[in-house]
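Taking it in order: structure first as structure tokens, then the write-up.
The values are calculated or read from the model by the stated rules, or taken from the named source; none is laboratory data. All of these numbers come straight from a predicted model, not from anything done at the bench. Cβ placement follows ideal geometry from the backbone for every residue including glycine, while neighbour counts extend to all protein chains displayed.
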Amino acid sequence: MKTKNLFKIFLTLLFVFATSISWAKTVKWSMQGDSLTLDPHAQNEGPTTMVSRQVYEALVTRGLDMSIGPQLAHKWKAVDPTTWYFYLREDVKFSNGQDMTSEDVVFSLLRAQQPTSDFKEYISTIISVKAIDKYTIQIKTREPNPILLNQLSNIFVMSKQWATDNFVIAPQNWDAGQETFSATNAMGTGPFKITLREPNTKTVFKKNNKWWGNVEHNITEIQLLPIKNAATRVAALLSGEIDIVTDAPVQDLDRIKSSAGHKVESTPQMRTIFLGMDQAADQLRTGNTGDNPFKKKEVRQALYQAIDIEAIKKKVMRGLSEPAGIITFPGVTGYTKALDKRLPYDVGAAKKLLADAGYPDGFEVELRCPNDRYVNDEAICTAVVGMLGKIGVNVSLFAQTKSKHFKELKDNQGDFYMLGWGVPTLDSHYVFHYLYETDASWNKVNFSDSEVDAAIRVMEGEVDLDKRNAAIANAWKIVRDNIAYLPLHHQVISWASKTNVNVPIRPNNEPLFRFSSVD
Amino acid sequence: MDNQKLTLLNRIKDSDIYFSFIKSPTAIVSTFILIIIFFCSFFVEFVTPYNPFDPSSLSLMDAFTPPSWTEDGLAKFILGTDGQGRDMLATILYGSRISLIVGFSAVIFALVLGVTLGLTAGYFGGKYEMIVMRFTDVQLTVPSILMALLVDGIARGIISREMHDEMAIYVLIFAIGISEWPQFARVSRAATLVEKNKDYVSASAIIGVSNILIMFKHILPNIMRPVLVIGTIGLALAIIAEATLSFLGVGVPPTTPSLGTLIRLGNDFLFSGEWWITFFPAIFLVILAFSINLLGDWMRDTLNPKLN
């Protein structure tokens, strides 16, 4: 009897041992916010794309070094300046086993051009997409487009059949709060597939065994567990509950580095943080003067010069930021050091500008901020509130979660707001097309300048690089002199992980788990 | 005039309460601490030169200054500064004023509501009593913090966002008050049941004094002792409830932080070594709640001799 009991205990121990040390390699990934939607064309937002990128693939893609390489298309050629042919891989299957063909690619590109798509600006120059045969497609652009490949690298391909079956032929209308099947389910050709989706709580990715690519990773499962509170996120990392944090709080980097089992990597991020001011409204929604002070350039400049960006860098960002003069960063076509120079911080000059503009006593306005999107976003806004208070501009701060912040911005509810902008195409055109063009979808300051609009057309159609670069430089000069936005800084991101988890850091803050490993 | 004061003073001096007070060191110490805290909180404008609620007076470059006795500390910031350059001492005092206002108002709200319902329930009895007391039973099964969260959530749904920041403090008072009233109702009902059968009540009833007069003029003063004991302990609970709600982010807005909000904001810096941002508000809250509780214990011992 006794031996039998011992045997049972032994079996139990064996079972516990065997299940805990299984061969599964799970990576638990955390950041402060979640993907807004799984629909690959509904929201053009960092973490949303980060999640989609693990599941969906595009015709071409950026590798670890950020250079463009083949993905679903193995080769392409332009037969004339406006006609492109893309030859698709023939061994690609969706994670449900279905073959991927040119039908799906054509469908996806057309879907991304629908009015409810947030990616339509990427490919607005494409006038026709045609399937030539099962694995060849033809794309025609309105004008010669020098950055077509950059743009296509962000248009994910989904299954036409799957979309039809689940009534998601058009992208989810995110701005209107629509709920669709594609918003909570994903089915792509990528190296992982999503098996569980609980928004803002947990998303589980499993390895896609039908993936066509050469498997370089050894991960069987990824769990995305967003944790909003910075201290809680770090505690979870240090206690081993989380394996990697892709937005480690700047104030905790030293603490994480001092832990033997953890490492920290930092890199300048391709993202600029700035403040927008509505320059078109006749009256501020949250103002007290009955007019719109932001219409006057002097006022915008006064706000600009009242912001002590070095103090923000030193105290809020702990040195991990690069003060910015324009909303783009080194590495993007059109960026120059001279453009990126800021107007000097000068409270006296700012006060004088404000007085000259007719607001010697300042005015009131509300500043809208996300509190779970950018590095220390709410703390930056709080600091800005104090700095603007010194020149008499009485700012009230309204910080809220990013999904509401973005939705209300798109709904034109903001007088004064914070936003960050990355440039996935690494070309200035992207910034102008989204932020500066008249009536562009994220141009919530309602900036409008015919010369800039004309320059954007040149950027889209000019293949002569010198002429194109001149147009970009001229456009930057105009918007910079106009102070259409108040640039703050280029973000530096830090990833913190356990030492045995290797996820290569990338300047666009997008992890590629297909190049990752767990030792 | 002078004479009256003297007799009042003498009356106090002769009372058992005063006697027991000077015999209890804990009561003296906690009263002393509370007087200091109340004074500093309510006259904070005269105690400290800083106004942490005025963002334009802050300098970001002062942020994260450690307490003055440490190596990098500055003499002008005795307890250091937080992440926005606010003086910790001033912020704590301004914050404790909000905490105290919320705590007191909530207890008074709960006391008025609870005693009125408990007194009338005990006096009238019958179905009315049953309904009121079952209400308290049901509510006591719901944890008070959950109740407060529920009220706050509903209020957020009803009140527009623009109004919410201004209304936040009233919502908080209502939320905490509504979660504490059953205690008062139960105690005052129990005491009323004892009192209402006494001869003085019967005598009043026989000579035709109205029910309302009997309840509030004759019975109420006689049930105030246990209610005051509960009220004091309830104050500590209300202050802690306020801190909890603010810590959870549903209390007062961060631009006018209370103690709980301060602890929450400081929590972000615990790992990075800036311990003072969360430590001092937390220890202040502990001292405040502990002092009130000690005073409450002493009051219970003194005012409720049956418990001894």
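I'd like to check something: does the stretch A:492-504 contain any residue that is within 22 Å of the chain's Cα centre (by Cα), at pLDDT below 90 and either within 30 Å of A:Thr83 (Cα to Cα) or not in a strand (DSSP E or B) (or both)? No, the conditions are met nowhere in the stretch A:492-504.
Screening B:Ser202 with (1) without any contact (Cβ under 8 Å) to a residue 40 or more places away in the chain; (2) crowded, with 21+ Cβ neighbours inside 10 Å; (3) small (Gly, Ala, Ser) gives one miss only, at (2).
What's the total number of residues in the stretch B:95-108 that are more than 19 Å from B:Asn267 (Cβ to Cβ) and either among the hydroxyl-bearing types (Ser, Thr, Tyr) or within 14 Å of another protein chain (Cβ to nearest Cβ) (or both)? Step through it out loud before you land on a result.
Narrowing the stretch B:95-108 to residues more than 19 Å from B:Asn267 (Cβ to Cβ): B:97, B:100-108.
Those left that are additionally either among the hydroxyl-bearing types (Ser, Thr, Tyr) or within 14 Å of another protein chain (Cβ to nearest Cβ) (or both): B:105.
Counting residues in the stretch B:95-108 that are more than 19 Å from B:Asn267 (Cβ to Cβ) and either among the hydroxyl-bearing types (Ser, Thr, Tyr) or within 14 Å of another protein chain (Cβ to nearest Cβ) (or both) gives 1.
The residue of the stretch A:282-311 that is nearest to the other protein chains (Cβ to nearest Cβ), among those that are of a type in the set (Ser, Thr, Tyr) and surrounded by fewer than 21 Cβ atoms within 10 Å (Cβ to Cβ), is A:Thr286. Does A:Lys314 satisfy the criteria of being in a helix (DSSP H, G or I) and either away from every other protein chain (no Cβ under 14 Å) or free of Cβ contacts under 8 Å to residues at least 24 places away in the same chain (or both)? Yes: the conditions hold for A:Lys314. Could you tell me how many of the residues in the stretch A:204-224 are closer than 30 Å to B:Gly266 by Cα and crowded, with 19+ Cβ neighbours inside 10 Å? Residues that pass the stated criteria total 1. Against the conditions (1) within 14 Å of another protein chain (Cβ to nearest Cβ); (2) assigned to a loop (DSSP other than H, G, I, E, B); (3) farther than 18 Å from B:Gln84 by Cα; (4) over 19 Å from the mean Cα position of the chain (by Cα), A:Gly358 satisfies every one except (1).
Quick one: would you say B:Gly260 is modelled with pLDDT under 90, within 30 Å of A:Asp254 (Cβ to Cβ), part of a helix (DSSP H, G or I) and out of contact with any strand residue (DSSP E or B) (no Cβ under 6 Å at 6 or more places or on another chain)? Spell out how you get there, then give the answer.
Numbers: modelled with pLDDT under 90: yes; within 30 Å of A:Asp254 (Cβ to Cβ): yes; part of a helix (DSSP H, G or I): yes; out of contact with any strand residue (DSSP E or B) (no Cβ under 6 Å at 6 or more places or on another chain): yes.
Against the criterion (modelled with pLDDT under 90, within 30 Å of A:Asp254 (Cβ to Cβ), part of a helix (DSSP H, G or I) and out of contact with any strand residue (DSSP E or B) (no Cβ under 6 Å at 6 or more places or on another chain)), B:Gly260 qualifies.
Just one of (1) within 14 Å of chain A (Cβ to nearest Cβ); (2) more than 18 Å from B:Ile173 (Cβ to Cβ) fails for B:Val286. It is (1). Can you name every residue in the stretch A:442-461 that is of a type in the set (A, V, I, L, M) and not in a helix (DSSP H, G or I)? If the condition is that a residue be of a type in the set (A, V, I, L, M) and not in a helix (DSSP H, G or I), then A:Val445 is the only one that fits. Applying the condition of being closer than 27 Å to A:Val365 by Cα, more than 18 Å from the chain's Cα centre (by Cα) and hydrophobic (A, V, I, L, M, F, W, C) to the stretch B:129-177 and asking which residue is nearest to the other protein chains (Cβ to nearest Cβ) yields B:Met163.
Evaluate the following for A:Ala349: is it surrounded by fewer than 18 Cβ atoms within 10 Å (Cβ to Cβ) and small (Gly, Ala, Ser)? First the steps, then the outcome.
Details: surrounded by fewer than 18 Cβ atoms within 10 Å (Cβ to Cβ): yes; small (Gly, Ala, Ser): yes.
Yes.
With the requirement that a residue be of a type outside the set (A, V, I, L, M, F, W, C) and either part of a helix (DSSP H, G or I) or within 8 Å of chain B (Cβ to nearest Cβ) (or both), what does the stretch A:395-432 give you? Give the steps one after another, and end with the answer.
Of the stretch A:395-432, the ones of a type outside the set (A, V, I, L, M, F, W, C) are A:396, A:400-405, A:407-408, A:410-415, A:417, A:420, A:422, A:424-425, A:427-430.
Matches in the stretch A:395-432: A:Ser396, A:Lys402, A:Ser403, A:Lys404, A:His405, A:Lys407, A:Glu408, A:Lys410, A:Ser428, A:His429, A:Tyr430.
Residue-wise test of (1) among the aromatic types (Phe, Trp, Tyr); (2) under 18 Å from A:Leu110 (Cα atoms); (3) touching a residue at least 12 places away in the same chain (Cβ under 8 Å).
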| residue | (1), (2), (3) |
| --- | --- |
| A:Phe156 | yes, yes, yes |
| A:Thr164 | no, yes, no |
| A:Ala170 | no, yes, yes |
| A:Ser182 | no, yes, yes |
| A:Asn185 | no, no, yes |
| A:Lys193 | no, no, yes |
| A:Pro199 | no, no, yes |
| A:Val204 | no, no, yes |
| A:Ile222 | no, no, yes |
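Could you please give the count of residues in the stretch B:39-79 that are touching a Gly at 6+ places or on another chain (Cβ under 8 Å) and closer than 20 Å to B:Leu288 by Cβ? Residues flagged as touching a Gly at 6+ places or on another chain (Cβ under 8 Å) and closer than 20 Å to B:Leu288 by Cβ within the stretch B:39-79 amount to 1. Among the residues of this structure, B:Ala243 counts as one that is in contact (Cβ under 8 Å) with a residue 60 or more places away in the chain and buried (at least 18 other Cβ atoms within 10 Å of the Cβ).
Do the conditions hold for B:Thr256, that is, is it among the polar types (S, T, N, Q), surrounded by 21 or more Cβ atoms within 10 Å (Cβ to Cβ), within 20 Å of the chain's Cα centre (by Cα) and within 14 Å of chain A (Cβ to nearest Cβ)? No. Entry remark, the stretch A:237-258: residues being away from chain B (no Cβ under 11 Å) and either surrounded by fewer than 18 Cβ atoms within 10 Å (Cβ to Cβ) or among the polar types (S, T, N, Q) (or both) number 5 in total. Taken as a whole, the structure leaves B:Phe280 outside the set of residues that are of a type in the set (A, V, I, L, M, F, W, C) and within 14 Å of chain A (Cβ to nearest Cβ). Out of the residues in the stretch A:317-341 meeting the condition of being more than 14 Å from chain B (Cβ to nearest Cβ) and at positive phi, tell me which one is surrounded by the most Cβ atoms within 10 Å (Cβ to Cβ). Restricting to residues being more than 14 Å from chain B (Cβ to nearest Cβ) and at positive phi, the top hit is A:Gly334.
Taking each residue of the stretch A:407-418 that is assigned by TED's automatic domain parsing to the domain that holds A:Gly276 and looking for partners that are among the small types (Gly, Ala, Ser) with beta-carbon atoms closer than 7 Å, six or more apart or interchain, yields A:Glu408/A:Gly414; A:Asp415/A:Gly287; A:Tyr417/A:Gly276.
One line per residue, one yes/no per condition, for (1) within 30 Å of A:Ser428 (Cβ to Cβ); (2) touching a strand residue (DSSP E or B) at 6+ places or on another chain (Cβ under 9 Å):
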| position | (1), (2) |
| --- | --- |
| A:Lys140 | yes, yes |
| A:Phe156 | yes, yes |
| A:Asp165 | no, no |
| A:Pro191 | no, yes |
| A:Lys202 | no, yes |
| A:Phe205 | no, yes |
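Every condition in (1) without any contact (Cβ under 8 Å) to a residue 40 or more places away in the chain; (2) within 30 Å of B:Ser258 (Cα to Cα); (3) not small (Gly, Ala, Ser) holds for B:Val194 except the one numbered (2). Evaluate the stretch A:377-393: report whether one residue or more is among the basic types (Lys, Arg), in the same structural domain as A:Tyr304 (by TED's automatic domain parsing) and outside any helix (DSSP H, G or I). Scanning the stretch A:377-393, I find at least one residue that is among the basic types (Lys, Arg), in the same structural domain as A:Tyr304 (by TED's automatic domain parsing) and outside any helix (DSSP H, G or I), so the answer is yes.
If I filter the stretch A:278-294 for residues that are touching a Leu at 6+ places or on another chain (Cβ under 8 Å) and in a strand (DSSP E or B), do I get at least one hit? Within the stretch A:278-294, not a single residue is touching a Leu at 6+ places or on another chain (Cβ under 8 Å) and in a strand (DSSP E or B).
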